[in-house]
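These notes concern the structure reproduced below.
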Amino acid sequence: QVQLVESGGGLVQPGGSLRLSCQASGIIFSLWTMGWYRQAPGEQRELVVSITSAGITVYADSVKGRFTISRDNAKKTVVLQMNSLKPEDTAVYYCGAQNNLRTYWGQGTQVTVSS
């Protein structure tokens, strides 16, 4: 079955960095658009950044210049490097795998930015 397993969340001070990883299994990884989404308490889940099978990226305006997504098709992993973190980046971050038919989700990893 399809599994997306996130890791790398935690507590960090404002201005700090975190690196999230998502390990995929059960899909032909190279064919899927991969994305990172986040959901803060009381808010809807929102797109942070996505990367297509061709490597085309779409970033939310709020993270441009601070976050970077990358994928390794051989390892079936997608990584989100988050720099210059702000308290408003606090949320549960989810890895998503999408095609034209459906989206698969990971279980999420908590990111807390606080002093």
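Read-outs throughout are calculated quantities, based only on the coordinates presented, and are distinct from any laboratory measurement. Only a predicted model underlies this, so the values are computations on that prediction, with no experimental measurement involved. Counting neighbours? That spans all protein chains shown, and the Cβs are built from the backbone with ideal geometry, glycine included.
Residue farthest toward the positive end of the dipole of the chain, with Cβ of Lys/Arg at +1 and Asp/Glu at -1: which of Ser84, Ile51, Ser17?
Ile51
Once amide H atoms are built 1.01 Å from N in the peptide plane, which residues 5 or more positions from Thr33, or in another chain, come under 5 Å H to H?
Long-range HN contacts for Thr33: Ser53, Gln98.
Determine the sum of side-chain charges near Gly16: Lys and Arg each +1, Asp and Glu each -1, restricted to other residues whose C-beta is under 12 angstrom from that of Gly16.
Net local charge, Gly16 excluded: +2.
With the contact rule set at Cα under 8 Å and sequence spacing of 6 or more, what percent relative contact order holds for the chain?
36 percent.
Averaged over every viewing direction, what's the projected area of the C-alpha convex hull for segment 3-115? Give it in nm², one decimal, please.
Mean orientational projected area (segment 3-115, Cα hull): 6.6 nm².
If Lys and Arg each add +1 and Asp and Glu each add -1, what is the summed charge of the other residues whose beta carbon sits under 15 Å from the beta carbon of Ile51?
+3
Excluding Ser70 itself, calculate the net charge of residues whose Cβ lies under 14 Å from the Cβ of Ser70, where each Lys or Arg counts +1 and each Asp or Glu counts -1.
+3
Check Val48: other-chain or 5+ apart residues with amide H under 5 Å from its amide H, H built from backbone geometry?
Here the answer is Trp36, Tyr37, Arg38, since their amide H atoms fall under 5 Å of that of Val48.
Ordered by residue, what ³J(HN,Hα) values in Hz, to whole numbers, does segment 51-66 give under the Karplus form 6.51 cos²θ - 1.76 cosθ + 1.60, where θ = phi - 60° and Gly and Pro are x?
My calculation for segment 51-66 gives 9, 7, 5, 8, x, 7, 10, 10, 10, 5, 4, 5, 10, 4, x, 10 Hz in order.
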